[in-house]
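Heads up, the thing below is written out as structure tokens.
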Amino acid sequence: MTCAAGTTTFRIESEGTTLKTADAKNVDVCTATQILDNLHREFTEKYEPVPSGSATVPAGKTKIAAGLNVNPTFHLRNQPPVTAGDPLNRFYKIFTEKTEADPEYRSVISAIMKGVNDSNESSYKTEPTKQTDFSNPDNFKGIYGLINVNELLERKIANTVGKFSGSSMTTNAISDTDRYEMRNGIKTTFEEIAHRENQIYREKFLNIILIVVGIFLVSTQLVKKYFSFENSGSFGFGGGSLFSGFGLGTNSGLFSRFGGLGLGRSGRSRLGSSLFTNNPYSLSNR
């Protein structure tokens, strides 16, 4: 699977169907491409059932076999049985019928994560040794292999970019754990912002409600203190007509207690003597 400069060809999706020939500059890119193609096949390939009689498996297809149980697709997709029968989803069947105490359960986990058939209780979840380059492409298996090849590509990209600035960035490649922590931190920040916004809106709404209630209570008390609706057809103070004695200085009416709006019985101005001296709207109780 390792690419050889000058002989191996590979394809990059951005360039369509055009094949490139590996050289000293892109031989690692060629190898990474082949590793990813192989991982894609091991995760998604649909196997062919065992042919009956003299029938043969179509060209380019893979016949189901027990040895393929190290590939994730053997368990993740609906695949034909190794001998005969209806297709089945081994992952669903085992995870609904078995537990971690069963070797079949541990073997499926190992195949998906590491690309090996390991049912040992102490090692089936252990992450394999990470590859430091692409010299052993067959060691990139399962989900761990996919993570490993992605990390190597990040390092090489960072190193290439670093050469333009005269500094090496190889050691600054983002690890899988760092990416998870970054995403988790961003998610937590957004949740906190949303929570605080909701809290502010609730506080503002409550303040508005309290203001409205306060205005209602104050206005109710003022109405009780200064207005009476006891007499039919009358709206005044103490039973007098609303406009009776307007400007005449009588003892009843809206303006009677202000000195008849400056005019008494004699017609003399009482603006200075009684207009504001006996104000019924004073907040002090008499």
Margin query: Of everything in the range 115-161, what is among the β-branched types (V, I, T), farther than 18 Å from V27 by Cα, without any contact (Cβ under 8 Å) to a residue 40 or more places away in the chain and in a loop (DSSP other than H, G, I, E, B)? Give them in sequence order.
Written below: T126, T129
Margin query: It is to be established whether one or more residues within the range 83-97 are part of a loop (DSSP other than H, G, I, E, B), over 27 Å from N150 (Cβ atoms) and among the small types (G, A, S).
Written below: yes
Next item on the list: State yes or no: is E100 more than 35 Å from the chain's Cα centre (by Cα), of a type in the set (D, E) and assigned by TED's automatic domain parsing to the domain that holds G145?
Entry: no
Notebook entry, point to check: Which one of these is under 29 Å from N69 (Cβ atoms) and in a loop (DSSP other than H, G, I, E, B): T2, T33, T7, T17?
Noted result: T2
Item checked: Selection status of C3, of a type outside the set (K, R), free of Cβ contacts under 8 Å to residues at least 40 places away in the same chain and not assigned by TED's automatic domain parsing to the domain that holds G142 -> yes
Note to self: Yes or no: the range 227-245 includes at least one residue that is part of a helix (DSSP H, G or I) and modelled with pLDDT of 65 or more.
What the structure shows: no
Next item on the list: Filter the range 49-71 down to residues that are closer than 14 Å to A84 by Cβ and either assigned to a loop (DSSP other than H, G, I, E, B) or at pLDDT below 90 (or both), then give me how many there are.
Entry: 8
Notebook entry, point to check: Under 7 Å by Cβ, and 6 or more places apart or on different chains, what pairs join a residue from the range 88-107 that is of a type in the set (V, I, T) with one that is part of a helix (DSSP H, G or I)?
Noted result: I94/E104; I94/Y105; I94/V108; T99/Y105
Check: Among T17, T73, which is the only one that is more than 21 Å from S135 (Cα to Cα) and exposed (fewer than 15 other Cβ atoms within 10 Å of the Cβ)?
Finding: T17
Margin query: I need the full set of residues from the range 56-75 which are touching a strand residue (DSSP E or B) at 6+ places or on another chain (Cβ under 8 Å) and among the hydrophobic types (A, V, I, L, M, F, W, C), in order please.
Written below: V57, I64
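The values are calculated or read from the model by the stated rules, or taken from the named source; none is laboratory data. Since this is a predicted model, take the numbers as computed values, not measurements. Please note: Cβ atoms are built from the backbone with ideal geometry, for glycine as well, and neighbour counts cover all protein chains shown.
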